[in-house]
Structure formats: structure tokens, C-alpha cells
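One structure is given here, and the rest of the page talks about it.
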Amino acid sequence: MKYFKHLLLLSILCSIVLFINCGEDEDPVADTPTNTTDDNTEFKALNLTEVTNNPEEFNYDITKDYTEKIVPFYPNAFFASDLSDNVINGVNLALKTAADEFGKYGPVEYWVFGADKQAALDLINKFCERREDLNQWNLSDCLSRETDETADHSMIAYQKIGENVILSNQPQGSAGHNGGFQWGIHKLSSSYPFSFDNLFEGIPPQDDFKTVLHEYFHVYQLSSVYNLEREERENKIKPGETIWMMEGAAEYMANYTLFKLIDNGTLDFEKSWGTLREKMQNKMNNGKFVKEESCPNSKLNEFTYQFCNQAGYELGAWGVAYLTNKVNNQNILLDTFYPNLKELGFEGAFNLAFGFTTEEFYEEFEEFLQLPIEQQLEIIPDI
């Protein structure tokens, strides 16, 4: 049995302790976390100030339920051995920035893959050992699932994307929130974030920095309804399977936050990435093009992951920009909408945050889409 370093925060005279634990095998089908500990303990300072990168180390008490709560620790990020320090440092900073901006929720496990298959298999093995040692998933079952290149969102599939980047010399990437609800965590996976290595001209590190912010915003969104059963959770977060708010909010808030922090000097990048208005103009152009080519006459609330999904991302970001401008509050999603989503549902939280119904919004937004781009850009912060 492999021992894991397990960090446990105790608020006794502000003392901090570290526990070592080992777990037993368990199939990952439970609706609630089933972590266990033994009597082996070790005292050590708890890391609350940085992103944790060691898969054998925990910066939280695995016996506690942290769901839907602000936590004192930062996310965990675990990297394949073929990734550079530029990638590791970039992802770590982006995750820490996201947690500072959107709130510390967790535990978060962000697994990052490069292009090398053996390095990916080694990292997947660490993931599966972590699951087995926490009584969450049988090691062999975990390895079988996560090394299956044909399985949806398997971890090895993210490695294949990075491998294709190198072989084809063409930029492509993917990252996603892959669940973890049955274990009480947020599990995210990422393909090779090559822009941190400046691999392609014209794709600066801001690109992958923004992707991390986008994915962490999903952590924030899902934390608001984490403890609900899947069907109820899905209905509140994206009713009718519409994705414009789920993905549009993540995309807009990631871009807005990045440009805000560059503008105020918090973040300093060597390469310029333009302005927020330029980025949003591209999104409007891309969204309209996809809509006209793939789903003409469709509306914002009709975009799903299966139907015209790219328009859901691009025009969804504009939908959120329209709403934040309407109430003159760029943080309205953080202040009002998501904090009330679980209790009031999507329509109720929407009405509370924005002062009108979704149907009224969809009608207004369709009219807004017909305006000249110069007028549309006036609602975007000049940063």
C-alpha cells in the first residue's frame, strides 16, 4: 500500500498539521466522497500560498467536504514530465490568478499533458494511484479507462492532441472540466499548452493563460450547484442544454479578467495580445460566420454542444458582455447570478441579476446583433 502525504488544516491555536493516509480499493460510483484515513500522521506546515504540483501530496483534509464552499487552499496542478518550466510556471500562475479572481473553490486537480506518450502514461498512472489510494477507483479500471484513446475525454486523448501538434506543426488544443463529482473534487485535463513555449508565431502565452482562466471559471460555476444530482445540476447551469451562458460566461470572464490584469499591471506579458475590444470583435465575426454557415436563423438559446456549439462560445461571450454592460457591473455573475442559481434556478437568478426575463433578453440581443460592429464594441470595456 502506497502512503500519500496528506495535509490537514486544524484551527487549534492556528496550528497546522500534515496527515499521511492510505486507502482501500473502491469502485468510483458513489454519489458522495468516500475518502478514508488511517492512524499514521506526520506534522508539517500546510501550503496555502501556492499551487501544489506533487500528486502524492495533499494541501487539504481529504476527510472533509469542501463542495460549494470557499476553501483556504489553491488548486493542484500535475504535469507530464516532458513539459517545460515555462508551461509549469504559466499554468501555476494562471490557476492561482483564477482562484484569486473568481474565488478559491476545490479541491481542484488540473492534469496537464504534453506530446510524449510515455510521459502521459506515467502521469495517468499517478492519477490512478491517487484515486486508488483514496478509495475512489480501482487502479486497473482507472488505467483501462484513462488510457483508452477511443474513450470520450480520456486522459490519453489529451496527450494525442499534443502529439499531433508536434507532428503536424499545426496549433490545436483542448482542455475541459471532466467531472470528479463522485469524489468531491473538480477534475480538469489539458492538452499541451504550447503557447507558454512560444511554439507558434502569433500565438503568445496569453492564449493558454486565458484557457486556464476559462476552465477555472467552470469550477466556479459548478461549485454553485455542485451537490445537486446530475440532472438537476445540468438543468440549473444550462437549462434545455443551451450552452451560451455556461461557455459564454467562461469565455467572456476569462478574457475580461486577463485584459483587466494586463491593463492594471498585475500581469506582464512580453508579447502583445491586442485589446479586449479587438478580441471581442473577432468573436463577433467568428460567431456570425459560424451561425450563418452552420445554423442560420437559430438564436442564442438554441446553441448546444451538439448544435452550432462554436457560436454558443463566441456569441455567448457577447451575450454575457451585453448583460454585464446592461447592469453596469462586470462582476454581476460573481456577485448575484451564480450565488443565487441553486436556490432560484436559472430564470429566477437571471431575473434577479439583470432585471428582466430570458425571453426579453433573447429578443433584445437579436436586435443588438444587427447593429454595426462599431456600436456593438461600445459596450466592451476599453482595456
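Full extension of the chain between E374 and N198 yields a length gain of 60.1 nm, computed as 0.36 nm times the residue separation minus the alpha carbon distance. Given +1 at the Cβ of Lys and Arg, -1 at the Cβ of Asp and Glu and no other charges, the dipole of the chain around its Cα centre is 540 debye to the nearest 20. The angle between the Cα long axis of helix 85-102 and the longest principal axis of the Cα atoms of the chain comes to about 70 degrees, rounded to the nearest 10. Decide, for segment 203-278, between rounded, prolate and oblate: order the square roots of the alpha carbon gyration tensor eigenvalues as a ≥ b ≥ c, take rounded if a/c falls under 1.5, and otherwise choose prolate if a/b is larger than b/c, else oblate. Judged from the Cα gyration tensor, segment 203-278 comes out prolate (a/c at least 1.5, a/b above b/c). Of the residues G240, G90, G316, the one that moves most in a GNM of the chain with alpha-carbon contacts below 10 Å is G240.
At full extension, H153 and N325 could sit 58.4 nm farther apart than now, given 0.36 nm per residue minus the alpha carbon distance. For the chain, the longest principal axis of the alpha carbon atoms and the long axis of helix 341-354 meet at an angle near 30°. Return the whole-Å distance between the Cα centroid of segment 333-383 and the Cα centroid of segment 275-313. Spelled out, the Cα-based centre of one part sits 16 Å from the other. Beta bridges per DSSP, both residues in the chain: antiparallel share near 50 percent.
Summary value for the chain: 13 percent relative contact order, contacts being C-alpha pairs under 8 angstrom separated by 6+ residues. Using only Cα atoms, tell me the angle between helix 117-133 and the longest principal axis of the chain; keep it within 0 to 90° and round to the nearest 10. With rounding to tens, the tilt is 70 degrees.
Rg then Dmax, both in Å and based on the Cα atoms of the chain: 21.1, 67. Of all the options P296, P239, P205, the one that moves most in a Gaussian network model of the chain with Cα springs shorter than 10 angstrom is P296.
Just checking the listed ones, Y362, Y60, Y338: in the Gaussian network model of the chain with Cα springs under 10 Å, the one fluctuating most is Y362.
Over segment 309-383, the Kirkwood radius and the radius of gyration, each from Cα atoms, give a ratio Rg/Rh of 0.97. Given their separation in residues at 0.36 nm each and the Cα-Cα distance between them, N282 and N264 gain 4.2 nm when the chain is fully extended. Pairs from the table (K283/K326; K160/K260; K64/K342; K64/K210; K187/K210; K117/K187) lying more than 26 angstrom apart at Cα are K160/K260; K64/K210.
Every number here is computed from the coordinates shown, using simple stated rules; none is lab data. Predicted model, so just to flag it, every value in this text is computed and none were measured. Counting neighbours? That spans all protein chains shown, and the Cβs are built from the backbone with ideal geometry, glycine included.
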